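Read the figures in this text as sums done on the coordinates, not as results from a lab. Note that the structure is a prediction, hence the values are computed from the model and not measured. Every residue, glycine among them, receives a Cβ derived from its backbone with ideal geometry; neighbour counts consider all protein chains shown.
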Amino acid sequence: MKVLLVEPNYKNKYPPIGLMKISTYHKMLGDEVHFVKGTSKDIDSQVWDRIYITTLFTFYFDITIKTINHYLKIANDIRSLYVGGIMASLMPERIIDATGMDMEHILVGLFTDTSKVGDNNSVNIDQLPLDYDILDEITYKYPAGDNYFSHTSRGCPNHCPFCAIPILEPHFYVTNNIKKQIETINNKYGPKQNLLLLDNNVLNTPNLKELVDDLCSLGFERGAKFVDPGTYNIIMSRYHKGDRSPLLDNKLNTYLDSFKARIKSSEMLEKFIKVLIKGETISDFATYMLDQEHVISPIIEKYRNKNPKARYLDFNQGVDARKINDENMFQLSRLSIRPLRIAFDSINLSKQYINAVKIAHKYGIREISNYILFNYNDTPASLYERLLINIELNKELGIQIFSFPMKYSPINRIDRNYIGKFWTRKALSAISAILQVSNGVVAAGSNFFLKAFGNTLSEYFEILAMPRSLIMFRQYFEENGTTNSWREEYNRLDNVQRNRLMHFVSKPVSELKKMKYPKEFESIIPYYLISYNGNRA
Ligand code: SF4
């Protein structure tokens, strides 16, 4: 069977874990599997027996639907096309409306039962190892890199109303053994440097000590180091096991070609190049390389990078501050966690959050990052207060907490335009302008924070009200006096007027330009029409 795996061409951090498992499944069955990101003419011209399309965030709705409709047109038989993943699980009806597919071909939730795609076996695809080879078929590089990605549990018992997990994974359970998962990857693809555990709520694991013991035995104990065996050794080991594929050959070829630059001995370089040149004409490259191993291996071994690198483990979804205590933090501190992510979703959780950070600090964890949900039921002031708590904790404990403000968007929205009940479009746009300058992160130092968000709550509100260009290009407009002139206008307004202004300037600039302004805002509105792209004239 010829199987095509498709990921729409959106930007995403993690590789498509579901498709990587489906690939393992079909390769186990002896099928031919290909992976594509978006569309490609070469793919369109082939006949596919089955197509799987993954989906991600609901705000990627348009690009995802376009991709599904494209493949529905080229599919040999539309009954062999399946759509799964996060968006498909959250809004199958909308996909049906937009594509004409039927419910039977939308894979909702985890892919644990292959009878959904008409197969007759008892394989639980969700528990299969990832096929990393498919990532070599595309040019897109996932920012999360070539690491281990895994779950030790699914679901979360908390059922927070803003979260998609209760729908995607309604029940909490422990998945297959992490040791087996990692060892399977090691045997097939060679070891990876870092481990990203994607559990939703790892502190709910019934036996955390056992999990930590396993992770330590896998090489993720505190202070762990990693020496990369390198592409050559990994591929040669696969050749030795009988693994053959043009993708492996290409990868090795590219690696050896770039390795030449490291060889300092002219004699060795000559030998190395000779082998490579001959290899270009050989049809069975793998067997040829095995024959030449005695020549190439000593050269690779002499010049490859053998420096140990720090190895880290990242509980990527964040740990639950409410559940952190001495016992579980002692366990987590045995690991090479970097960073420890702690969610800080509401100002009402300040006490638990501060306590959690202090416990983490007590057990020697210095790098902490946290997700700060905003635009939900919170106020703009509460975002500032939570960020400030981190700055104060950094100062008090001598640690580094990096904050990642995460804008809430309801899980049934297909755009990112939702405005929380205490927020305005203008305030959200100001936060996004501040974060754009810092790539979404609020760094640990107080200098950046106080400059970006203001020294006091009233300075923060002033920044929220500031025209977007003046926020984005703060220095330029401060130096040329524009910010001060705007501030003089702003200071003339009382609090009620400022509140009205926030709503008024929440309108798109194109609309503002055409409007007649209320008298009270006549002199301040022109500042909101300044457009500047950072290039000085
Ligand atoms: S604790 Fe986290 S994963 Fe669990 S439901 Fe709440 S937000 Fe979702």
- Cα long-axis angle, helix 425-437 against the chain (0 to 90 degrees, to the nearest 10): 50
- Note on the structure: re the chain: pairs of Cα atoms spaced beyond 44 Å account for a percent value of 29
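Listed highest first by mean packing, meaning other Cβ atoms within 10 Å per residue, what order do 244-252, 16-24 come in? Present the calculation step by step, with values, prior to reporting the outcome.
Values: 244-252: 15.1, 16-24: 22.7.
Highest to lowest by the protection proxy: 16-24, 244-252.
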- Query: Sorted by packing (mean other beta-carbon atoms within 10 Å per residue), highest first, where do 468-478, 449-459 land?
  - Reply: 468-478, 449-459
- Set the Förster distance to 22 Å, then compute FRET efficiency between LYS451 and ASN484 from the Cβ-Cβ distance, nearest 0.05. 0.85
- Message: At R0 = 30 Å, how high is the FRET efficiency between VAL123 and LYS309 if r is their beta carbon distance? Nearest 0.05 is fine.
- Response: 0.25
- Message: Can you give the local net charge around ALA286? Use residues other than it whose beta-carbon is closer than 15 angstrom to its beta-carbon, Lys and Arg +1, Asp and Glu -1.
- Response: -2
- Query: Mind listing the phi-derived Karplus ³J(HN,Hα) values for the stretch 455-468, rounded to whole Hz, using 6.51, -1.76 and 1.60 with θ = phi - 60°, and x for any glycine or proline?
  - Reply: 6, 9, 4, 6, 5, 4, 5, 5, 5, 4, 7, 5, x, 4
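Per 0.36 nm of contour for each residue apart, how much would the distance between GLU511 and LEU276 grow if the chain were fully extended, relative to their Cα-Cα spacing? Could you put the intermediate results ahead of the total?
Numbers: separation 235, 0.36 × 235 = 84.60 nm, distance 6.33 nm.
Residue separation times 0.36 nm, minus the Cα-Cα distance, leaves 78.3 nm.
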- Message: Once you place label points 7 Å from the Cα toward the Cβ at ILE419 and GLU367, how far apart are they in nm?
- Response: 3.9
- Item | Degrees between helix 178-189 axis and first principal axis of the chain (Cα, 0 to 90, nearest 10) | 60
- Please give the net charge around GLY454, taking every other residue with its beta carbon less than 13 angstrom from that of GLY454, where Lys and Arg add +1 and Asp and Glu add -1. 0
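Please figure out what share of the DSSP beta bridges in the chain is antiparallel and state it in percent, rounded to the nearest 5. Please list the in-between numbers first.
Details: 6 of 43 bridges.
About 15 percent, rounded to the nearest 5.
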- For VAL108 and CYS160, calculate 0.36 nm times their separation in residues minus their Cα-Cα distance, and state this gained length in nm to one decimal. 16.7 nm
- Task: Please tell me the relative contact order of the chain in percent, rounded to the nearest whole number, where contacts are Cα pairs under 8 Å and at least six residues apart.
- Result: 10
- Does a label point 7 Å from the Cα of LEU269, set along Cα-to-beta-carbon, have any residues of the stretch 277-313 with amide nitrogen under 13 Å, and which are they? none
- Add +1 for every Lys or Arg and -1 for every Asp or Glu among the other residues with Cβ under 12 Å from the Cβ of HIS151, and state the total. -1
- Residues in the stretch 4-40 that a label on THR184 would reach, taking backbone N under 15 Å of a point 7 Å out along Cα→Cβ: 17-30
- Query: For the Cα atoms of the chain, what angle does the longest principal axis make with the long axis of helix 266-279, in degrees from 0 to 90, nearest 10?
  - Reply: 80
- Computed lengthening from ASN348 to ASP146, 0.36 nm per intervening residue step minus Cα-Cα distance: 68.9 nm
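Could you work out the relative contact order of the stretch 1-143, using alpha carbon pairs under 8 angstrom and six or more residues apart, expressed as a whole percent?
Values: 239 pairs, mean separation 42.6, N = 143.
Computed value for the stretch 1-143: 30 percent relative contact order.
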